[in-house]
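Asker: Submitted below is the structure of interest, expressed as structure tokens.
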Amino acid sequence: MENVWVHAKGTLWDPVVERLKDEGYWNTVIHRTHKPAIEELTSLRDSYSLPEEIIPRYEGFYKKLLDDRYLILDMLYRKTDWGTDRYNSASFHELSNRIRIYYEFYTFSLLKGNISLVVFWDTPHMGWDYILYRVAKFHNIKTLILDQSKFPNKFFHFFDYSDYGTFDGSIILENIERYEIEKKVEKDWFYMKKNRGQTTTYSLKKFLSLSKYKNRINAIIEDNDYLRLIKELIIKDRRSQSFFRFYTERNYKKELNNMVTAAYSLKTKFVYFPLHYQPEKVSTVWGGSYSDQVLAIETLSKRIPKDWYIYVKENPVQEGAYRDKLFFYRLKMIPNLMFLPKDADTFELTKNSQFISTIVGTVGWEAITGNKNVLLFGWGAWYKTLPGVYQYHDNLNIDDLVNNKIDHDDLEKKTGFLYNKCGTGIVREPYIPFVKNFSMEKNTETVVESLKRILYKTK
């Protein structure tokens, strides 16, 4: 029996944890995702002392962690008490202090709890969860990372952070020869819909209900910069950053309006580069140095023919965070760039482009399934080993991206190989609409059986 730290939240995970405990695989389980508090660390230090053999390596491990300081700071900046779409105005020094506090908390917690396994429901990307991952690795504690896949009711699994996309260490769980893919770029992603796949029934009672009334009023307020400013000036905890956020949003909208051009043609030669929403997991975690998206576009601009354009489109749900005045200034300095309206048709742009370029976005998967090659600047795309995908490097031949055709039969076979390494079930609640007639009981059964096969080699 193992002592396990489960970094997962939501009602999906409670029955999974209980089932694995009941069946004798897991013993003590620490089940939490929230970031550590200073008071928790103080309590830990009062009740537990590090083993003598750990102390000589303790500071050395911390120095190794600081090799990823930029990555961790970027992660910590993405999360505030207001959510993940708000700028964090904490200083560099405050966030650096948090790194040390989180490092100490997880070191003391894992060792005190005699933890032998840490399970993540998602790729670590909030800062403190990444530190948890690194501390576990320092002390040779087994880690298992799960990531819900684009395949319905399937999740990727990997044991090492850097194995995402290649999945070399993942266990083969299925045995299909190919995964059938409709040959077109258009995809109907449920998570891009406003209601995220949920059906709504209308009634007079619902319309007049207090909760609905509050939600409607709140939506109106959040959509208006001035009303939101008034609201946040009233709320004590938000008051100090209210003007900071107000001017961030106002400046973003102003710069965006000045940047956008409606005069573009699908008949000219262009590379399509849709921007990632920021802050988000994929660009922060898997983008590497190209989490700076403008750097990728600047690099691309120098590699394509001078008579080509780069069509850049803003993410439809982007807000002011990560889009300051200098962001747009750098884009304006790129001579062959055109910034398109948010409502420009992404599928038509994909089909008419010379090729697609992205950090690690889903647009790349859409492209290759429609016989269009994609150039990746980030390292962590789940589809990066498939036909039609090119990883940027200094000796890249742009002609290959234009001229090489994707063998759709080969694409289906290699996608099937990735599918075979997926567990069955939903491990993150937002993906429940992906499964028709979802059953909590059935999902618990399939997730547990997958985890047993992945971790304990059961059949």
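Asker: For the range 288-346, give me each residue that is in contact with a Leu (Cβ under 8 Å, 6 or more places away or on another chain) and within 20 Å of V402 (Cβ to Cβ). Give the derivation first.
Answerer: Residues of the range 288-346 in contact with a Leu (Cβ under 8 Å, 6 or more places away or on another chain): 289, 293-294, 297, 300-301, 303, 309-315, 318, 323, 328, 331, 337, 339-340.
Hits for the range 288-346 are I297, L300, S301, R303, Y309, I310, Y311, V312, L337.
Asker: So for the range 197-206 (the condition being exposed (fewer than 11 other Cβ atoms within 10 Å of the Cβ) and at pLDDT 80 or above), does at least one residue qualify? First the steps, then the outcome.
Answerer: Going residue by residue through the range 197-206, those that are exposed (fewer than 11 other Cβ atoms within 10 Å of the Cβ) are 198-205.
Filter once more, keeping what is at pLDDT 80 or above: none.
No, the conditions are met nowhere in the range 197-206.
Asker: List every residue pair whose Cβ atoms sit under 8 Å apart, with the two residues 6 or more apart in sequence or on different chains, where the first one lies in the range 12-34 and is surrounded by fewer than 17 Cβ atoms within 10 Å (Cβ to Cβ) and the second, anywhere, is in a loop (DSSP other than H, G, I, E, B) and of a type in the set (A, V, I, L, M, F, W, C).
Answerer: G24/M1; N27/M1; I30/I115; H31/A8
Asker: Still on this structure, I have one more. Are there any pairs, at least 6 apart or on different chains, whose C-beta atoms fall under 8 Å, with the first in the range 358-381 and more than 19 Å from S149 (Cα to Cα) and the second of a type in the set (D, E) and not in a loop (DSSP other than H, G, I, E, B), and if so, which?
Answerer: Final answer for the pair search is N373/D400.
Asker: What is the number of the single condition among (1) surrounded by fewer than 21 Cβ atoms within 10 Å (Cβ to Cβ); (2) out of contact with any Pro (no Cβ under 7 Å at 6 or more places or on another chain); (3) not small (G, A, S) that K342 does not meet?
Answerer: That leaves (2) as the condition not met.
Asker: While we're looking at this one, here's another question. Among the residues of the range 100-125, write down those that are buried (at least 21 other Cβ atoms within 10 Å of the Cβ) and aliphatic (A, V, I, L, M).
Answerer: Once the filter is applied, which keeps residues that are buried (at least 21 other Cβ atoms within 10 Å of the Cβ) and aliphatic (A, V, I, L, M), the range 100-125 yields L110, I115, V118, V119.
Asker: If you don't mind, there's one more thing I want to ask. Would you tally the residues in the range 154-184 being part of a loop (DSSP other than H, G, I, E, B) and more than 30 Å from L349 (Cα to Cα)? Step through it out loud before you land on a result.
Answerer: Looking only at the range 154-184, we keep the residues that are part of a loop (DSSP other than H, G, I, E, B), and these are 159-160, 164-184.
So of that shortlist, the ones also more than 30 Å from L349 (Cα to Cα) come out as 159-160, 167-177.
Result for the range 154-184: 13.
Asker: Sticking with this structure for a sec: Looking only at the range 328-339, count every residue that is surrounded by fewer than 17 Cβ atoms within 10 Å (Cβ to Cβ) and in a helix (DSSP H, G or I) and tell me the total.
Answerer: Here the count works out to 3.
Asker: Within the range 382-418, restricting attention to residues that are in contact with a strand residue (DSSP E or B) (Cβ under 7 Å, 6 or more places away or on another chain) and crowded, with 18+ Cβ neighbours inside 10 Å, which residue is farthest from I454 (Cα to Cα)?
Answerer: Going through the qualifying residues, I end up with L401.
Asker: Then there's this: Can you find, within the range 419-434, the residue that is surrounded by the fewest Cβ atoms within 10 Å (Cβ to Cβ) among those that are closer than 27 Å to G169 by Cβ and β-branched (V, I, T)?
Answerer: That would be T424.
Asker: OK, next. Among the residues in the range 300-312, are any assigned to a loop (DSSP other than H, G, I, E, B), in contact with a strand residue (DSSP E or B) (Cβ under 9 Å, 6 or more places away or on another chain), crowded, with 19+ Cβ neighbours inside 10 Å and of a type in the set (A, V, I, L, M)?
Answerer: For the range 300-312, residues assigned to a loop (DSSP other than H, G, I, E, B), in contact with a strand residue (DSSP E or B) (Cβ under 9 Å, 6 or more places away or on another chain), crowded, with 19+ Cβ neighbours inside 10 Å and of a type in the set (A, V, I, L, M): present.
Asker: Filter the range 52-94 down to residues that are surrounded by 11 or more Cβ atoms within 10 Å (Cβ to Cβ) and either modelled with pLDDT of 95 or more or more than 30 Å from D223 (Cβ to Cβ) (or both), then give me how many there are.
Answerer: Pass one, the range 52-94, residues surrounded by 11 or more Cβ atoms within 10 Å (Cβ to Cβ): 54, 57-58, 61-62, 64-66, 68-80, 82, 84-90, 94.
Of the ones still in play, those that are also either modelled with pLDDT of 95 or more or more than 30 Å from D223 (Cβ to Cβ) (or both) are 54, 57-58, 61-62, 64-66, 68-73, 94.
Counting residues in the range 52-94 that are surrounded by 11 or more Cβ atoms within 10 Å (Cβ to Cβ) and either modelled with pLDDT of 95 or more or more than 30 Å from D223 (Cβ to Cβ) (or both) gives 15.
Asker: Which pairs do you get when a residue that is at positive phi, found in the range 419-431, comes within reach of a residue that is part of a strand (DSSP E or B), reach meaning Cβ atoms under 9 angstrom, with the pair 6+ apart or on two chains?
Answerer: Between residues of the range 419-431 that are at positive phi and residues that are part of a strand (DSSP E or B), the close pairs are G425/K154; G425/F155.
Asker: Is it the case, given these coordinates, that V294 is assigned by TED's automatic domain parsing to the domain that holds K384, part of a loop (DSSP other than H, G, I, E, B) and either within 30 Å of T123 (Cα to Cα) or in contact with a Lys or Arg (Cβ under 6 Å, 6 or more places away or on another chain) (or both)? Step through it out loud before you land on a result.
Answerer: Working: assigned by TED's automatic domain parsing to the domain that holds K384: yes; part of a loop (DSSP other than H, G, I, E, B): no; either within 30 Å of T123 (Cα to Cα) or in contact with a Lys or Arg (Cβ under 6 Å, 6 or more places away or on another chain) (or both): yes.
Taking the combined requirement at face value, the residue does not satisfy it.
Asker: So which of K342, K351 is under 12 Å from L266 (Cα atoms), not in a strand (DSSP E or B) and not β-branched (V, I, T)?
Answerer: Values: K342 fails: under 12 Å from L266 (Cα atoms).
Exactly one residue qualifies, and that residue is K351.
Asker: Hey, could you check the range 426-451 for residues that are among the polar types (S, T, N, Q) and not in a helix (DSSP H, G or I) and say which is modelled with the lowest pLDDT? Steps first, please.
Answerer: Restricting attention to the range 426-451, the residues satisfying the condition of being among the polar types (S, T, N, Q) are 437, 439, 443-444, 446, 450.
Among the residues that remain, those that are also not in a helix (DSSP H, G or I) are: 437, 439.
Working: N437: 92, S439: 95.
Here the answer is N437.
Asker: Quick one: which helices (runs of 4 or more DSSP H) lie wholly within the range 218-271 and hold at least 3 residues that are at pLDDT 90 or above and under 22 Å from N315 (Cβ atoms)? Show your work before the answer.
Answerer: On the way: elements: 225-234, 236-239, 242-259.
Here the list reads 242-259.
Asker: For the range 387-412, name all the residues that are of a type in the set (S, T, N, Q) and in a helix (DSSP H, G or I). Write out each step before concluding.
Answerer: In the first step, residues of the range 387-412 are kept if they are of a type in the set (S, T, N, Q); the result is 391, 395, 397, 403-404.
Selection gives N403 alone.
The values are calculated or read from the model by the stated rules, or taken from the named source; none is laboratory data. Just so it is clear, the model here is predicted, and its values are computed rather than measured. Using ideal geometry, Cβ is built from the backbone for each residue, glycine included, and neighbour counts are taken over all protein chains shown.
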